[in-house]
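Engineer: Attaching a single structure in structure tokens format; questions to follow.
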Amino acid sequence: MSDVLDIASYRAARKQTVEPGWWELHEIPWNLPIAHWSASSFADFNRCPRHWQERRIKKQRERSGEAMLVGRAIHWAMEVNYRQKIQSGEDLSLVELVDYFRDLAFSQVLAEDLERTAQEPVWDTDFETARERGALMLAAYANTVAPRIQPIATEQEISVDIGLPVPVIGFIDVETELTVIDLKSGKKKRSKPKEDWRIQAAVYGHARQKPVEFHTLSATVATNAVSIVTPLEAPELLCAPSAPERQAQIDTLHHLSKMACFYMATIGPDDPWPTLGRFHDWICDFCSFRDTCPAWRTT
């Protein structure tokens with residue numbers, strides 16, 4: 001046992017032989033070529049640094065999915081409704097709103113996406129089928145949920161200072177006197193917030209000092225069966241952290257930012273960052289960069 005070092009000697013010897021590591025992460029200077037963070041960017045980095053690197057550092061474009069396009073178009077239509085409702089106090093008629101979605105919103109969202117990505121989206125079905133599914137989803141939400149919402153603002157861009165060298169940018173779907181509302185759409189019914197939603201709630205709640213409620217709107221590709229879940233049906237969709245909880249969430253975002261700076265300093269912008277998505281439940285299935293990912297290399 002005489003050759004076994006005590007812990008103090010071990011630590012001293014280790015510091016002499018090992019390059020600076022995680023214990024010195026806080027000393028890594030800001031070195032990221034980004035103008036801002038966002039809730040989705042934080043969540044992306046948390047799931048897979050390599051995917052974040054491809055998108056935010058290398059500026060690689062990704063193909064959009066059908067569900068994403070449908071969701072954007074629904075948001076666009078609801079923005080039109082809520083913007084006039086701020087003054088009128090009344091929702092647009094379902095016929096007018098759905099016609100707007102079919103005639104303009106969905107087509108324009110697709111056109112803008114093609115211009116932005118220069119790639120055809122990944123269709124689960126086709127343009128017409130996706131548009132009609134979106135119209136059904138929009139009509140159901142506008143008929144059952146929108147009447148109980150009186151907005152004071154909609155689609156507001158916010159820039160939040162959480163103490164990082166760059167701001168956190170986001171868009172608030174709807175703000176009421178009491179809460180911030182974020183509408184999520186997809187193919188599967190959800191009754192609990194995803195990880196990136198919780199990050200979003202931390203940022204938006206910090207900005208407005210209000211609880212954040214998530215509304216989930218979904219329709220299956222197979223049957224077009226629409227599901228709507230709000231905090232009335234699933235209380236977990238209301239995120240109202242205490243002040244200490246919110247501060248702990250902001251501290252976590254600081255750590256993620258520092259970790260990104262650490263990878264930039266130790267790995268650089270070109271070599272692959274850690275491929276943590278390989279251990280995620282589903283993220284690799286939707287990754288546009290999987291074909292070139294070292295974690296999926298077979299030879």
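The values are calculated or read from the model by the stated rules, or taken from the named source; none is laboratory data. As the structure is a computational prediction, the values presented were derived from the model and not from experiment. Heads up, the Cβs are rebuilt from the backbone with ideal geometry, glycines too, and the neighbour counts pull from every protein chain shown.
Listed here are the residues, each with its yes/no results for (1) at pLDDT below 95; (2) out of contact with any helix residue (DSSP H, G or I) (no Cβ under 9 Å at 6 or more places or on another chain); (3) more than 30 Å from H280 (Cβ to Cβ).
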| site | (1), (2), (3) |
| --- | --- |
| G134 | no, no, no |
| M137 | no, no, no |
| P151 | no, no, yes |
| T154 | no, no, yes |
| I158 | yes, no, no |
| I162 | yes, no, no |
| E175 | no, no, yes |
| W197 | yes, no, no |
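Engineer: Further, regarding this structure: Taking the stated definitions as given, is F289 more than 30 Å from A207 (Cα to Cα) and surrounded by 18 or more Cβ atoms within 10 Å (Cβ to Cβ)?
Structural biologist: Yes; evaluated as a whole, the condition is true for this residue.
Engineer: Which ones in the range 116-159 are outside any helix (DSSP H, G or I) and either β-branched (V, I, T) or touching a His at 6+ places or on another chain (Cβ under 7 Å) (or both)?
Structural biologist: Of everything in the range 116-159, those that are outside any helix (DSSP H, G or I) and either β-branched (V, I, T) or touching a His at 6+ places or on another chain (Cβ under 7 Å) (or both) turn out to be V122, T125, V145, I149, I152, T154, I158.
Engineer: Say we look at the range 205-249 and pick out the residues that are hydroxyl-bearing (S, T, Y) and touching a residue at least 40 places away in the same chain (Cβ under 8 Å); which of these is farthest from I152 (Cα to Cα)?
Structural biologist: Per the stated criteria, the residue is S218.
Engineer: Take A146 and decide whether it is among the small types (G, A, S) and farther than 20 Å from V174 by Cα.
Structural biologist: Working: among the small types (G, A, S): yes; farther than 20 Å from V174 by Cα: no.
Spelling it out, it is not the case that A146 is among the small types (G, A, S) and farther than 20 Å from V174 by Cα.
Engineer: A further question follows. Could you give every pair whose Cβ atoms fall below 7 Å, whose first residue belongs to the range 286-299 and is in a helix (DSSP H, G or I), and whose second residue is modelled with pLDDT under 90, counting only separations of at least 6 or pairs across chains?
Structural biologist: R290/C284; A295/R278; W296/R290
Engineer: What's the number of the only condition in (1) modelled with pLDDT of 95 or more; (2) more than 20 Å from the chain's Cα centre (by Cα); (3) under 27 Å from L104 (Cα atoms) that L183 fails to meet?
Structural biologist: Checking L183 against (1) modelled with pLDDT of 95 or more; (2) more than 20 Å from the chain's Cα centre (by Cα); (3) under 27 Å from L104 (Cα atoms), the one that fails is (2).
Engineer: Being out of contact with any Leu (no Cβ under 6 Å at 6 or more places or on another chain), on the phi > 0 side of the Ramachandran plot, modelled with pLDDT under 95 and loosely packed, with under 15 Cβ neighbours inside 10 Å, is that true of even one residue in the range 232-253?
Structural biologist: No, the range 232-253 contains no residue that is out of contact with any Leu (no Cβ under 6 Å at 6 or more places or on another chain), on the phi > 0 side of the Ramachandran plot, modelled with pLDDT under 95 and loosely packed, with under 15 Cβ neighbours inside 10 Å.
Engineer: Here is a check on your reading of the model: is Q119 out of contact with any strand residue (DSSP E or B) (no Cβ under 8 Å at 6 or more places or on another chain), surrounded by fewer than 20 Cβ atoms within 10 Å (Cβ to Cβ) and over 21 Å from I181 (Cα atoms)?
Structural biologist: Against the criterion (out of contact with any strand residue (DSSP E or B) (no Cβ under 8 Å at 6 or more places or on another chain), surrounded by fewer than 20 Cβ atoms within 10 Å (Cβ to Cβ) and over 21 Å from I181 (Cα atoms)), Q119 qualifies.
Engineer: Let me ask you something else. Between a first residue in the range 145-167 that is touching a residue at least 60 places away in the same chain (Cβ under 8 Å) and closer than 25 Å to L94 by Cβ and a second residue that is assigned to a loop (DSSP other than H, G, I, E, B) and not hydroxyl-bearing (S, T, Y), which pairs have beta carbons less than 6 Å apart while being 6 or more apart in sequence or on different chains?
Structural biologist: A146/D91
Engineer: Continuing with the same structure: Select from the range 31-45 the residues that are over 30 Å from A222 (Cβ atoms) and surrounded by fewer than 19 Cβ atoms within 10 Å (Cβ to Cβ) and list them in ascending order.
Structural biologist: Result: N31, L32, P33, I34, A35, H36.
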